[in-house]
Structures are given as structure tokens and as C-alpha cells.
Amino acid sequence: MNSNKNKDKNFIGLSNSWSKHSNKESDTSLSFYEKAAQMMKSLNVTFDFTCFEMKDSQQDQGADCGPEELVTMMLKTTKNAGVEISSENAIEQYHEDAFNQVIANTRKGTHVSAYTQLRMSDQFFQDSNFKNFIRLVQELSKN
């Protein structure tokens, strides 16, 4: 476990799953996340979740992956459990559209405590990409 912004709290990261799968895997995933959120609440840890920058339209149709629905489900699940959630990006995207998705997803959840930008490569520090990130930080600081 790693400590997050609150020194007396820890966070545990979990990844995404088949949110659009037509059989029991998606129901099993929801049940797992509900139980995980309840456990995290009892341990006073923050639920860290990925794919806040991803859109359904970017996914392969055959993958049964719906990151927008998955993030919404996780925000609802953690809120219902009364557990804090932090967020992060899943893939290397620095364009304005990806950062706008992070902002939109963060604003859906009044209990989102932090955002972590992963994969800070040379591409991240290119002028237009870094300016997009600065705008993201400014927008997130308004929440």
C-alpha cells in the first residue's frame, strides 16, 4: 500500500473489467467492486481507480469494455459505500479531449480525492501537451 495525500490513509489500486460483457462476468465484477469498496471503508483506505481519461468510443467493440460506464459505476459504488476514491489515467494520452474526460469524470463524483497522471514521458512535456496538463490541474483544483 502507498500513502496518498492524507498521511493517515492508504490506498489500494484496482483495475477495470468487462463492463459491457453480456454474461455473468460483468455482474461478478460489480459484486467484487461493491465488496472491495465496503472492505476499504472498514479499513479507512482510499479506493484508487483507473481509466478516468478513457471513452467508450475509443474501445474495440469486441472487447466489451465501457470505461465511461465503469467509471460511473465505480463513483456510485464508492459513494454508496462511503469510501473516498482517487483516480488516474490508464493509457498515455495528453490531448485536450482526454483531459476533458478526466475533468468530466471527476466532477461526477463529489468524493474524488486525487488524480494521478501516469506515464510522464518526453511526449508529456511537449509544449501543447504540457499546456493541456496545466489546464487540467487548474480545472481539478476548482473542485
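The values are calculated or read from the model by the stated rules, or taken from the named source; none is laboratory data. Please read these numbers as outputs of a predicted model, since none were measured by experiment. Ideal geometry is used to build each Cβ from the backbone, glycine not excepted, and the neighbour counts take in all protein chains shown. For accessibility, only protein heavy atoms count, side chains too; no ligands or nucleic acids. Shrake-Rupley method; radii C 1.70, N 1.55, O 1.52, S 1.80 Å.
The number of residues in the range 112-139 being free of Cβ contacts under 8 Å to residues at least 60 places away in the same chain, outside any helix (DSSP H, G or I) and surrounded by 15 or more Cβ atoms within 10 Å (Cβ to Cβ) comes to 3.
Got a sec? Which of Thr110, Thr77 is under 19 Å from Leu43 (Cβ atoms) and β-branched (Val, Ile, Thr)? Lay out the reasoning, then the answer.
On the way: Thr110 fails: under 19 Å from Leu43 (Cβ atoms).
From the options Thr110, Thr77, the qualifying one is Thr77.
For the range 45-68, does any single residue satisfy the condition of being modelled with pLDDT of 90 or more and open to solvent by 80 Å² or more (accessible area, probe 1.4 Å)? No: the range 45-68 contains no residue that is modelled with pLDDT of 90 or more and open to solvent by 80 Å² or more (accessible area, probe 1.4 Å). From Lys108, Lys35, Lys142, Lys76, grab the single residue that is in contact with a helix residue (DSSP H, G or I) (Cβ under 6 Å, 6 or more places away or on another chain), open to solvent by 70 Å² or more (accessible area, probe 1.4 Å) and on the phi < 0 side of the Ramachandran plot. Criteria check complete, one pass: Lys108. Exactly one residue among Val102, Val83 is outside any helix (DSSP H, G or I), surrounded by 14 or more Cβ atoms within 10 Å (Cβ to Cβ) and at pLDDT 90 or above, and that residue is Val83.
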